[in-house]
Structure formats: C-alpha cells, structure tokens
Amino acid sequence: SCKQVKANVLVLGLANSGKTTLVNCLMEAGDQEVVPTVGFSMEKVHFDRCKLTVIDMSGQEKYQPLWEMHYTDAKALVFIVDAANPASMPQAAAALEAVVAHQETQGLPLLVFANKMDLPDALQPAELAEQMQLPQVAQRAFHITSCSALRNEGVQEGMKWLAGQLQ
Ligand code: GTP
Ligand code: MG
C-alpha cells in the first residue's frame, strides 16, 4: 500500500536560522547561494512517499505576521533554530510559543531542527530543548534533532520523522 500523501509543510524560525538553506537540501540544490527570503517561497518536494509543498517563510520580524496566513492549510510545522547563536534563544522560544499558541496550529506535528551543528559551541538538541522548554511548549507530537543544513547533514533524518507523522 503506497498511498501518496500530499501535505503542506510550514517552515518557520527566526531570520538567519537556515530555513532556505535547509529547504534547498530537500530540493537537492544544497550548493545554491541563499539570500534572505522576502515574504515566503513555495517549493514542491518529494520525500519518502509524500508529496510536500514546503512553504519557506521569511523570519524577519516585519514578515513574521505572514506566518499565520498559512496555518490553516498546514499539515506539519518545521521550526529551525540557529543552535550556534545562544543569544537568539529567548527570541526563538517566544516566536515558537506564539506559533503553538495559535488556534489553527493545534495538533500539528512539530519538528525542531537545532541547525548549524557544524559550528563550534552549537547547542546540542537536548540543551536547546531545555532552553526552549520544548515538551511543555509543544503540547503535541514533536521531535528535535540536530542538523547542518549547510552540509546537508541530519536534514533527511529529521524529515523522515515528519513524513512518518503524515502517513
Ligand atoms: P530568512 O529567509 O531571512 O528568514 O533566513 P533563513 O532562515 O532562510 O536563513 P538562510 O537559509 O538564508 O541562511 C542564513 C545564513 O546562515 C546563510 O549565510 C547560510 O549559509 C547560513 N547557514 C544556514 N545553515 C547553516 C548551517 O547549517 N551551518 C552554517 N555554518 N551556516 C548555515
Ligand atoms: Mg529564507
């Protein structure tokens, strides 16, 4: 039984956390130069048996109000954190809290990437989960894993969990 799943996946996180770099990994366009996203961009991606429409939002504060426009159609949330930037944790945690508090995201599975693990002193996923108080905040199926979107390491493994949630 190879039922094809179609789903919108919403990719969120602060500016510069690595969202577009990570989405490029899924498109096997990992070597492309990235520029800050303006508004959002949408990409069709095949992963496992899923046909995903990946919505890569801008993390800039002026664009964050756009995130909620995509909640209704989303089947899953990906939240990317720059694990090598500890100073950004409170802001990242606040942004995630606002997302999960929203009525329309209730119950959507949440995948958190601790990105930039290639950099020295990047926080481990467990440390990051503690700083962001993830179990308490998430209140849904969630998974946290580390990756380096720059090196395309750990991205596919994380997405496997998400795909499993969509089956
Ligand atoms: P916005 O679109 O502005 O919200 O940013 P974004 O989250 O899409 O970040 P983007 O993918 O544009 O990456 C921002 C910067 O971080 C770029 O210079 C990337 O090369 C770099 N970057 C992304 N992922 C990694 C990583 O895993 N390791 C390292 N060292 N740098 C990374
Ligand atoms: Mg971007």
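The values are calculated or read from the model by the stated rules, or taken from the named source; none is laboratory data. Fair warning: this is a prediction, and the values are worked out from it, not measured in the lab. No Cβ is skipped: glycine too gets one built from the backbone with ideal geometry, and neighbour counts run over all protein chains shown. For accessibility, only protein heavy atoms count, side chains too; no ligands or nucleic acids. Shrake-Rupley method; radii C 1.70, N 1.55, O 1.52, S 1.80 Å.
Counting only the Cα atoms, segment 1-160 fills a convex hull of 108 Å³ per residue. Which links in Lys62/Lys116; Lys51/Lys116; Lys51/Lys75; Lys6/Lys62 stretch past 19 Å when you go from one Cα to the other? From the list (Lys62/Lys116; Lys51/Lys116; Lys51/Lys75; Lys6/Lys62), the Cα-Cα distance tops 19 Å for Lys62/Lys116; Lys51/Lys116; Lys6/Lys62. Quick one: grab the alpha carbon gyration tensor of segment 77-167, order the square roots of its eigenvalues as a ≥ b ≥ c, and give me rounded if a/c is under 1.5, else prolate or oblate depending on whether a/b is larger than b/c. Oblate.
The trypsin sites (Lys or Arg not before Pro) of segment 1-104 that meet both conditions, a loop assignment by DSSP and at most 15 other Cβ atoms within 10 Å of the site Cβ, are Lys3, Arg49.
Gain on full extension, evaluated as 0.36 nm per residue between Ala126 and Asn16 minus their Cα-Cα distance, stands at 37.5 nm. What segment 1-157 shows is 51 Å² of accessible area per residue, with the surface traced by a 1.4 Å probe over protein heavy atoms.
Spatial offset of segment 61-82 relative to segment 94-149 amounts to 13 Å, using the alpha carbon center of each. Taking the DSSP beta bridges with both ends in the chain, the antiparallel portion is around 30 percent.
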